[in-house]
1. Please determine whether any residue of the range 127-135 is under 16 Å from the mean Cα position of the chain (by Cα), in a helix (DSSP H, G or I) and under 26 Å from Gly228 (Cβ atoms).
2. Mind checking which residues of the range 8-39 are within 16 Å of Ala135 (Cα to Cα) and either more than 14 Å from ligand 1 (Cβ to nearest atom) or surrounded by fewer than 24 Cβ atoms within 10 Å (Cβ to Cβ) (or both)?
3. Please enumerate the residues belonging to the range 101-125 that are modelled with pLDDT of 95 or more, assigned to a loop (DSSP other than H, G, I, E, B) and acidic (Asp, Glu).
4. Restricting to the range 118-144, and then to whatever is out of contact with any strand residue (DSSP E or B) (no Cβ under 7 Å at 6 or more places or on another chain) and not hydrophobic (A, V, I, L, M, F, W, C), can you tell me which residue is surrounded by the fewest Cβ atoms within 10 Å (Cβ to Cβ)?
5. Exactly one of (1) assigned to a loop (DSSP other than H, G, I, E, B); (2) touching a residue at least 24 places away in the same chain (Cβ under 8 Å) is unmet by Lys78. Its number?
6. Hey, among the residues in the range 147-206 that are of a type in the set (A, V, I, L, M) and within 16 Å of ligand 2 (Cβ to nearest atom), which one's nearest to Leu218 (Cα to Cα)?
7. For the range 85-100, give me each residue that is charged (D, E, K, R), modelled with pLDDT under 95, part of a helix (DSSP H, G or I) and more than 16 Å from ligand 1 (Cβ to nearest atom).
Amino acid sequence: MARVIVITSGKGGVGKTTTTANLGMSLVQLGYQTALVDADIGLRNLDLLLGLENRVIYTALEVLSGECRIEQALIKDKRQPGLVLLPAAQNRNKDSINAEQMKYLISLLEPQYDYILIDCPAGIETGFHNAIGPANEAIVVTTPEIAAVRDADRVIGLLEANGIKQITLLVNRLRPQMVKANDMMSVADVKEILAIPLIGVIPEDECVIVSTNRGEPLVLEKKISLPGLAFEHTACRLDGQQVEFLDLQSYSKGPLKRLRKFFLGSSNT
Ligand code: ADP
Ligand code: MG
């Protein structure tokens, strides 16, 4: 039976789509058949982050209207056999699909995949409820900022109210130097406020923006970056492996940049 995991946050722009793309790729690298479902109807961008935008022909809506079969809508990633994307429609709004239909789509995928990751839209309205409906687990993504953490707290409450018990926390865009200077919440602060288990910590790094623009998820890069490594570790934890959290402080930019390059250039683990 597939593990169906929704990647959600409440607040927009905190890294849900980036997380979905990179965790999906990492899970395939771990040997799992993985389907990524874009539930952000009208504002899709998972296809862009994966560099698959030119291959979208059908979307979830054509599957539902009977215009095509699910296999026709799924885009297979040539770089990463084992990964498929079910794109969302771009020219429709979030009300063009309902929770039952979303559950139906996921039920079509469940027999064939080990992991199904659902990229949730921002907000807590229809699109959110559609995306969380079929999920039995959730990863709540937040940045260490007060507004994002408060929205994450609200979302955790809603997930619990909807019967999702397995909820983990991913803290994205951490800036260790700012934490050290007391200008940013630490991971421990965020964890204490939200009181759910931590699955990953991803540092702020401009290479994430570059990878977004290129449509090349970080975890595919030959010379893995620090955020790429942190996403890989997150996938391993999702898979039940015990992986120590990276000491991001010691990898920070500035005088330690060379050291970071040295370690990451010589090791892939
Ligand atoms: P969401 O899906 O939650 O709206 P995205 O995944 O689309 O968020 O990310 C929003 C923007 O933030 C993107 O431009 C992305 O490149 C950038 N971003 C995400 N995570 C990081 C990070 N760790 N460091 C730097 N930029 C990031
Ligand atoms: Mg998104």
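The values are calculated or read from the model by the stated rules, or taken from the named source; none is laboratory data. Here the structure is a predicted model, which means the values were calculated and not measured. Virtual Cβ from ideal backbone geometry, glycine too; neighbours counted across all protein chains shown.
1. Yes, the range 127-135 has at least one match.
2. Thr34, Ala35, listed by residue number.
3. Matches in the range 101-125: Asp114 only.
4. Glu125
5. Unmet condition: (2).
6. Ile202
7. Of everything in the range 85-100, just one residue is charged (D, E, K, R), modelled with pLDDT under 95, part of a helix (DSSP H, G or I) and more than 16 Å from ligand 1 (Cβ to nearest atom), namely Asp95.
Here is a yes/no grid of residues against (1) buried (at least 24 other Cβ atoms within 10 Å of the Cβ); (2) within 18 Å of Val14 (Cβ to Cβ):
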| residue | (1), (2) |
| --- | --- |
| Ala195 | no, no |
| Ile202 | yes, yes |
| Asp205 | no, yes |
| Ser211 | yes, yes |
| Pro217 | yes, yes |
| Glu221 | no, no |
| Leu226 | no, no |
| Phe231 | yes, yes |
| Ala235 | yes, no |
